[in-house]
1. Given H placed 1.01 Å from N in the peptide plane, which residues other than close sequence neighbours of residue 167 have an amide H under 5 Å from its amide H?
2. Grab the Cα-Cα distance for residue 247 and residue 128, subtract it from 0.36 nm times how many residues apart they are, and report the gain in nm with one decimal.
3. With all protein chains present, calculate the accessible area of residue 28 using a 1.4 Å probe and round the result to the nearest 10 Å².
4. For the pair residue 184 and residue 53, what calculated FRET efficiency results from E = 1/(1 + (r/R0)^6), where r is the Cβ-Cβ distance and R0 = 41 Å, to the nearest 0.05?
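The values are calculated or read from the model by the stated rules, or taken from the named source; none is laboratory data. Fair warning: this is a prediction, and the values are worked out from it, not measured in the lab. With ideal geometry, Cβ positions are generated from the backbone for all residues, glycine too; neighbour counts draw on all protein chains shown. Side chains included, ligands, DNA and RNA excluded: accessible areas come from the protein's heavy atoms. Shrake-Rupley method; radii C 1.70, N 1.55, O 1.52, S 1.80 Å.
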Amino acid sequence: MNQTIGEQRADLIVNAEQANVTLVTNPFMSQILNTYRPHIQRFIEGFPLTVREILTETMNTTFTYMESFNEERFNHFLGQYNLGEVESHRKHEGLEPLLKLLVLLRAYYPDLTLISGSNLANIRLDNNSWRMLLYSMHRESMPSIVLGYVKRLFEGPGINRDLFPLIMDNYHNNPTKNLCVHCSGKTFSFSQILRNFGRGEYLGSFHGVESNSYSEMDKIIVHCSTCIHNKCEEAIDPEDLIKVIREVV
């Protein structure tokens, strides 16, 4: 049975609240995350000295939080986060950029939670803000990522969905195909994306677009990780960093 929007939101909240239980370190996750800690520390060192303290704090809380994940929950999250087929030897690809982004976002959203039970959102920033973070395994263009994501949604149960904004990472940065609301300064409708960029495999997935505009998909809003990183790197102090994150996410 298809869920209503209210039921879908309730499921997201339940999953988020279940994630906020007492944190217990999982050796499996500690081993994985510890290999990335030096990379994240070097990432933080690229920021002004006045900003490093808050980012070091958010790094520590992010690692502590993720070390509590069990293997099933972690792999489920990666399955939603990674868009495209994942070969076994690349199953943790995208984890480093994910950690960098989480470290930044936690500066303004200290209670940020990763969700592993929905295809509509995989990050809860706070009680009223949800996002779907997508990492393109094959560095596709933004329109291709949107089409691939919606195709994945249509393959699941039901199509009437209350969509949350997307945050894209590892995309092919083509200025003429940049859908980021901040970079481009405008929003794009799904119908427009499908007409202008739908080719090959995607056309068959959305057969009948001439008579069905998929208006519910026109709610899609795109943010990009590059924009977030670039603007955060311009911050001169913690207050400025918080202001920037609030503006771009």
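1. 132, 133, 134, 223
2. Values: separation 119, 0.36 × 119 = 42.84 nm, distance 1.55 nm.
Net length gain for the segment: 41.3 nm.
3. Approximately 60 Å² of residue 28 is accessible to the 1.4 Å probe.
4. On the way: r = 34 Å, r/R0 = 0.82.
With R0 = 41 Å, the Cβ-Cβ based efficiency is 0.75.
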